[in-house]
Every structure is written in structure tokens, then in C-alpha cells.
Amino acid sequence: MKWIRHLSSRRKLYGELSEEIQAHLEEKVDELVAGGMSRHEAAAAARREFGNVTLIEERGRDVWRWPSLDDFLMDVRFGVRMLRRNPAFAAVALLTLALGIGANTAIFSVLDAVLLRSLPVSDPGQLVLLTDPDSHGHSFGDESGDRSLLSYSEFEYLRDHTDVFSGIFAADSALQEVTWGAGYAASGEAQEGETARVRLVSGDYFPTLGVKAAAGRTFTSEVDRARGAAPVAVLSYSFWKERLGLHPAVVGMTIRIRRAPFEVVGVAPPGFFGETVGEAPDIWIPMTMQEAVYPGRDLLSMAPGMLNQHIWLQVMARLRPGISAGQAGAQVNIVFKHLLESEVASTLTADQRRGFFDQQIKIRPGGRGSSTLHDAFADPIKLLMCLVVLILLIACANIANLLLARGALRQREFAVRLAVGGGRLRLITQLLTESLLLAFLGAALGVALAQWTDRVLLRAVSGVSSGPKSVQLNLQPDMRILGFTMAVAVLASLIFGLVPALRAAGTDISPVLKVTTSRSTGGFHRRRLPAGKLLVIAQLGISLILLVAAGLFVDSFARLGAVGLGYSSEHLLLFRVDAAIAGYKGPSILTLYQSLLDTLSMLPGVRTATLSSNGLFQDSESGDPIAVEGYAPRPGEEMHSRFDHIGPGYFSTVGIPVLIGREIGPRDGGTCPRV
């Protein structure tokens with residue numbers, strides 16, 4: 001603490017030290033003058049007896065300072081003055097570094113959020129996944145091999161018959177966008193058309209993750225006891241802030257999800273986005289309230305024989321203390337095999353039973369959660385990281401060349417410093433400090449540039465600014481990102497500053513001081529030319545790599561754009577309608593769709609309209625085993641086909657030619673033969 005106080009007042013202390021030394025010298029001079037010397041002779045004799053005043057002052061100052069830190073601070077001040085004297089150089093260097101460091105920070109922020117960062121929950125290292133973290137969506141049927149997702153009945157059985165977990169929960173693997181309303185919203189009464197992202201979760205969701213509510217409470221396992229008996233909801237903090245204006249009476253408020261009322265019991269803490277990277281629900285509700293999100297559907301009951309299950313859940317658990325992932329996996333698979341054996345249909349053939357009992361559950365680390373981004377973006381992000389490192393190297397080569405050119409103008413300065421006793425190591429240290437100052441200033445600008453770049457990247461990969469399909473990532477800089485940026489800045493300063501510093505420290509003193517500034521500068525240029533050429537060659541080589549990569553990407557995009565779709569996409573409009581959500585059931589659904597087709601077909605400018613269950617390029621497909629009359633499958637051949645339910649005139653409406661026979665028409669519905 002005493003040293004810190006001295007650091008803030010060291011100029012005063014240094015002045016007092018100089019005054020005290022001068023006072024001692026004056027006393028000695030007066031003493032010698034009184035002994036008969038002239039004042040001039042007395043002053044010279046006093047200085048000879050006292051010794052080197054400057055050296056004594058330096059030794060006295062060392063008592064109140066750390067020499068290395070003090071030298072560093074002086075070098076920083078000197079570096080700032082040099083940048084102010086050369087604004088053009090400073091502007092070019094800072095902009096170049098901001099681009100190089102900012103690009104690295106931006107891509108690392110995305111890479112960290114998608115691949116490296118743990119979930120913002122309590123002790124994420126104890127979490128494990130019983131399902132594939134990269135699988136999402138809903139499917140019907142059964143699976144073989146490692147299970148990607150689980151049904152609700154399978155989750156219930158595992159939850160009730162295993163004891164290796166301190167907590168286990170299930171979550172809908174597909175985030176749902178639903179209409180919502182409330183008695184209060186930030187702009188008044190919430191309109192019927194407003195939407196929110198909703199995730200269905202089991203009761204132990206928040207306790208297993210170790211997440212405490214920022215306001216109110218979370219729900220627990222009591223919500224799993226009966227279907228439709230727990231109309232409660234937990235809001236995300238961002239939803240409370242942005243859509244409800246941080247309303248103080250949010251706990252106890254009633255909101256509508258589709259048409260069902262829910263009581264808000266709590267608000268999740270800031271920064272908590274759930275268990276899935278890339279998605280950020282606005283509202284969490286109990287899974288037993290699935291009718292509100294999927295009206296007219298039963299996603300919770302077990303399918304007869306487990307052969308046509310609704311497979312849709314991500315399942316995560318927290319290991320008990322002392323239990324390893326291997327031990328947990330062994331017990332889970334024993335329990336799971338018992339479930340399969342007790343529920344499987346007895347009508348299965350030997351081959352079907354072999355494939356059915358091949359199912360198993362693979363325990364995976366769950367600290368980073370599941371992800372909607374890993375499959376699609378992991379490799380591209382890694383490639384981008386490599387490319388921006390090359391961009392940083394180009395920037396460093398540019399700055400190194402600038403510093404070499406600038407060093408030529410400062411050659412006489414370096415020679416004078418060395419001539420008056422300055423050490424070459426001290427000169428290298430000062431020049432590296434100037435480089436570090438440049439790098440840190442460039443990094444500060446780079447962080448601002450990285451934030452803008454990340455927003456552009458998110459908009460580009462999302463395609464839309466809202467909805468469950470948009471990418472939801474928290475890319476605000478934290479200590480990890482800032483630490484990475486500082487490390488990059490230090491490394492960059494060494495890369496671009498070391499060669500100019502070593503070249504400056506190697507200045508030959510005598511020739512430089514004997515010749516004029518212009519001739520000295522020219523000599524320096526002749527000496528540094530090989531290093532400059534090497535840097536230019538390196539820049540050109542790395543730039544060529546980047547240009548080739550960019551050309552390949554552009555060519556790939558052009559080829560993708562030219563791929564034939566099999567139909568004409570011009571003047572084709574596609575939108576999705578779900579009659580079940582609106583409450584239609586049974587025959588009334590077909591009646592609604594037929595009425596909709598008739599109405600659309602009569603609109604001016606509409607040539608024809610049709611229906612499709614899966615749509616075009618909608619990330620949805622259907623498939624089932626098939627048997628072809630008169631064909632005997634070969635051993636091991638899988639008889640399986642994808643299909644789609646379509647309306648009349650589908651092929652002519654979409655523009656798909658029928659090569660043989662005819663397309664499905666209006667007469668092919670109802671009791672007519674199946675085609």
C-alpha cells in the first residue's frame with residue numbers, strides 16, 4: 001500500500017530528492033568557499049567529492065518504485081506521444097489491427113458460444129444427456145441403434161426405475177412458436193397475433209439444472225402428477241423485460257398460450273436460455289400441459305407395442321456424487337432393455353425383433369447442452385477461424401512493414417540513444433512496448449467491430465429476425481472473450497513488433513552519426529530490404545490462399561444456385577396451415593382444407609392451389625416400411641420408402657412432370673381405390 005501511495009505522488013518525491021541533493025551540494029560549496037576557494041573551484045570540488053548526481057538520484061528513486069514498471073509506464077507515455085506525432089501512421093495501423101483482431105474476436109465469440117461454452121447452470125460438469133444432443137424435431141415409429149430422442153413413456157420409465165441420477169428431466173426437442181396474450185404488456189394489452197417461443201419441459205427441469213428464479217419460483221415434479229392440472233409458466237428474463245416491461249406484478253399474472261390460461265409463477269435468471277444452444281425460449285410450461293401447445297394431439301401416451309411412438313424428447317440428467325457416466329449408462333440400458341422386452345408386440349418377426357432390440361441409450365456429456373447449431377455450423381466456424389487467423393497474419397505483416405519504414409526515419413534517434421549509453425535490450429523493450437500499445441488500441445476498436453460483425457452473422461444464418469427457427473445466441477463479450485482478445489493483441493504485437501525492434505537495436509552507431517539523415521535513412525533501407533521483401537512475399541502468399549478459398553466458396557454457391565429442383569419455383573407461393581391447432585378434428589379438417597382450396601383457386605391471379613403434408617424443402621419428411629406385390633426382398637435389404645400426403649393437382653400445381661400415367665386428382669379421395 002505504501003508503494004502504491006508513492007506511485008501516485010512520485011513526481012513530488014523525485015523533486016524533493018533533487019532539492020535535497022542540491023541543498024547538500026550548496027552546503028559543501030559554502031564550506032569550501034569559507035576555506036578560501038573561489039566559488040567556481042568550490043562547486044567543481046563539491047561535485048567531484050559528491051559523485052555522479054544523476055546516478056545518485058536514480059538510485060534514490062529506486063527506493064520508491066519498481067524500475068521495470070516505471071520504465072514500462074514511461075515507454076507507454078512516449079509511445080502515445082509518438083502516435084500523436086504521426087497521426088497518419090497511427091490511423092492506418094489501428095484500422096489494420098482492428099480488422100485483424102476484430103475478425104478473430106468475432107469468430108471466436110461464435111465458436112465459443114456454439115462449441116466451447118458450458119450451460120449457464122449449476123455445476124454443468126455433472127450433467128449428462130441420454131439422447132443425441134444434435135437431434136431435434138418430432139417423428140413417429142421406432143428406432144434402432146443409439147437412440148436419438150425418446151418418447152414420453154420411455155422417459156417416465158427411466159425416471160421411475162433408475163437411481164444413478166440425482167435429477168432427470170425431459171424437454172421438447174422442437175421449440176414451438178405460439179400466440180400469447182396477457183392483461184399487461186409493455187405497450188398495453190397484448191394483441192392476439194403476438195407470438196412467443198414456448199418449450200414444454202418435465203417438472204424436474206429447473207431443479208436438475210440448479211436454476212433459481214430471479215422472481216417468484218420455478219415449478220417442480222408436482223406438475224407431472226396429472227395431465228392438464230398444472231397451468232403454470234416460468235418466463236425468461238428477456239421476455240419479462242422486453243415484452244412485459246419488467247412489470248413488478250408479473251408473478252401471479254395470467255397469460256394466454258394459444259387459448260389456454262396460465263399463471264406466471266416465476267421468472268428465470270438473466271442469461272439463462274435453457275438446455276439447447278441456439279434457441280432461447282420465452283416461456284417454459286409443464287409437459288403435462290402439452291394439449292395447450294399441441295391441441296388435438298396426445299404426445300404423452302405409450303403407443304401399443306411401442307412400434308409407432310411419438311419420438312420427440314431430449315432427456316438430460318445429473319449424476320449422483322460418486323457415479324460415473326459409464327456406471328450410469330450400464331444401469332440405464334439394463335432398465336431400457338427391460339422396458340423393451342415387457343412392451344414389445346408379440347407379432348414381430350425374427351428380423352424385426354432383432355432390429356427392435358438393437359436399441360440402446362448412449363450416455364453423453366451434457367455440460368454444453370444440446371445444440372441446433374453444431375451439425376450445421378461446427379465445421380464452417382472452424383474453417384472461418386482458420387481464415388481469420390490468416391487475415392491477422394496479413395495485418396501483422398502490414399504493420400511490420402510500416403514499422404520498418406518508420407524505423408528508417410528514426411534511425412538517427414536510435415543511434416543517439418545507443419551512443420549516450422542506452423542499452424540495446426532497453427531499446428528493444430521500448431519498441432515492443434510501442435507495438436503492444438498499438439495492439440491494445442487496435443484490439444479496443446476490434447471488440448466494437450466484432451460486436452457489429454456478430455450481429456450481421458446472426459442475421460445471415462437466421463434468415464429472419466424472430467421465430468423459433470432463428471438463431472438465438474448470447475454473443476456479448478465476457479471475460480473469456482476479452483481474455484482471448486488480449487492474448488491475440490499480445491501475440492500480434494510480438495509478431496509485428498519483434499523484427500523492427502531487433503533491426504533497430506542492431507543499428508551501427510558510428511556510420512549513422514557520421515552521415516546525413518537522408519544518407520543514413522537510405523542505408524537503413526538497403527539493409528532492411530530483404531526483411532521487407534520477405535514480409536511482402538508472406539502477405540502475397542497468405543492473400544493468395546484466402547482468394548482461392550473465397551473463389552471456391554463463390555463457385556460452390558453459384559453451383560448450388562444452378563441445381564435443378566425438378567420443378568419451376570417461379571410464381572410459386574408456399575405457406576403452412578395447421579387445422580388441429582385451431583380446434584378442428586376428424587372430417588372437419590378435410591372440409592376446411594377443401595374450402596380453403598376452393599377459395600384460393602378463385603382469387604385473381606391464382607392459377608391453381610393444392611396441399612402437401614411435408615411441403616417443399618421444409619425439413620420435414622415421412623416414411624414407412626413397404627411391401628411390393630410379387631417382389632421378394634433380398635437378405636438384409638431394407639424395404640422402406642419416403643412418402644407425402646398431397647392434395648389433388650399437386651404435380652401440375654408445383655410443376656413436376658408426370659412421365660407415365662396421371663397425377664392424383666379430385667376423384668381419388670374418399671371411398672375410391674387408393675392410388
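Taking segment 287-333 as the range and being over 28 Å from P625 (Cβ atoms), open to solvent by 20 Å² or more (accessible area, probe 1.4 Å), outside any loop (DSSP other than H, G, I, E, B) and polar (S, T, N, Q) as the test, the residues that pass are Q327, Q331. For V488, the stated conditions hold: it is over 18 Å from the mean Cα position of the chain (by Cα), surrounded by 13 or more Cβ atoms within 10 Å (Cβ to Cβ) and either at pLDDT 90 or above or of a type in the set (F, W, Y) (or both). The residue that is modelled with the lowest pLDDT, counting only those in segment 605-653 that are among the charged types (D, E, K, R) and over 30 Å from L574 (Cβ atoms), is E638.
Look through segment 589-619, keep the residues that are exposed (fewer than 11 other Cβ atoms within 10 Å of the Cβ) and not hydrophobic (A, V, I, L, M, F, W, C), and return whichever of them is nearest to E177 (Cα to Cα). The qualifying residue nearest to E177 (Cα to Cα) is D619.
With respect to being of a type outside the set (V, I, T), assigned to a loop (DSSP other than H, G, I, E, B) and loosely packed, with under 10 Cβ neighbours inside 10 Å, A627 fits the description. Listed here are the helices (runs of 4 or more DSSP H) enclosed by segment 1-73 that have at least 2 residues being open to solvent by less than 40 Å² (accessible area, probe 1.4 Å), out of contact with any Pro (no Cβ under 8 Å at 6 or more places or on another chain) and modelled with pLDDT under 75: 10-34, 53-61. Candidates L659, L574: the one that is open to solvent by 50 Å² or more (accessible area, probe 1.4 Å), part of a loop (DSSP other than H, G, I, E, B) and in contact with a Leu (Cβ under 8 Å, 6 or more places away or on another chain) is L574.
Selection of segment 124-135 for residues being at pLDDT 95 or above and either open to solvent by 50 Å² or more (accessible area, probe 1.4 Å) or on the phi > 0 side of the Ramachandran plot (or both) yields only Q126.
Table: residues versus (1) open to solvent by 40 Å² or more (accessible area, probe 1.4 Å); (2) part of a helix (DSSP H, G or I); (3) farther than 22 Å from L115 by Cα.
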site	(1), (2), (3)
K362	yes, no, no
G367	no, no, no
D375	yes, yes, no
A378	no, yes, no
L383	yes, yes, no
L387	no, yes, no
I394	no, yes, yes
I399	no, yes, yes
L402	yes, yes, yes
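For segment 80-123, the set of residues classified as assigned to a helix (DSSP H, G or I), open to solvent by 20 Å² or more (accessible area, probe 1.4 Å) and not hydrophobic (A, V, I, L, M, F, W, C) consists of R81, R84, R85, P87, T96, listed by residue number. Taking segment 654-665 as the range and being under 14 Å from S568 (Cβ atoms) and free of Cβ contacts under 8 Å to residues at least 24 places away in the same chain as the test, only P657 passes. Selection of segment 74-108 for residues being under 17 Å from L387 (Cβ atoms) and hydrophobic (A, V, I, L, M, F, W, C) yields L99, I101, A103, A106, I107, F108.
Can you tell me which residues in segment 136-152 are of a type in the set (S, T, Y) and surrounded by 17 or more Cβ atoms within 10 Å (Cβ to Cβ)? Residues satisfying the conditions are S139, S148, S151, Y152. Considering only segment 236-247, I want to know if a residue exists there that is part of a loop (DSSP other than H, G, I, E, B), surrounded by fewer than 17 Cβ atoms within 10 Å (Cβ to Cβ) and in contact (Cβ under 8 Å) with a residue 12 or more places away in the chain. Yes. Looking across segment 192-219, just one residue is in a loop (DSSP other than H, G, I, E, B), of a type outside the set (G, A, S) and within 10 Å of P286 (Cβ to Cβ), and that is F219. Restricting the first member to segment 156-183 and to residues that are touching a residue at least 24 places away in the same chain (Cβ under 8 Å), and the second to residues that are among the polar types (S, T, N, Q) and open to solvent by less than 10 Å² (accessible area, probe 1.4 Å), the beta-carbon pairs closer than 6 Å and six or more apart or on different chains are G167/T208; F169/S202; F169/T208; A170/S202; A171/Q314; S173/Q314.
The values are calculated or read from the model by the stated rules, or taken from the named source; none is laboratory data. This structure is a prediction, so every number in the text was calculated from the model and none was measured. Note that each Cβ is placed from the backbone with ideal geometry, even for glycine, and that neighbours are counted across all protein chains shown. Just the protein is used for accessible areas: all its heavy atoms, side chains included, with ligands, DNA and RNA removed. Shrake-Rupley method; radii C 1.70, N 1.55, O 1.52, S 1.80 Å.
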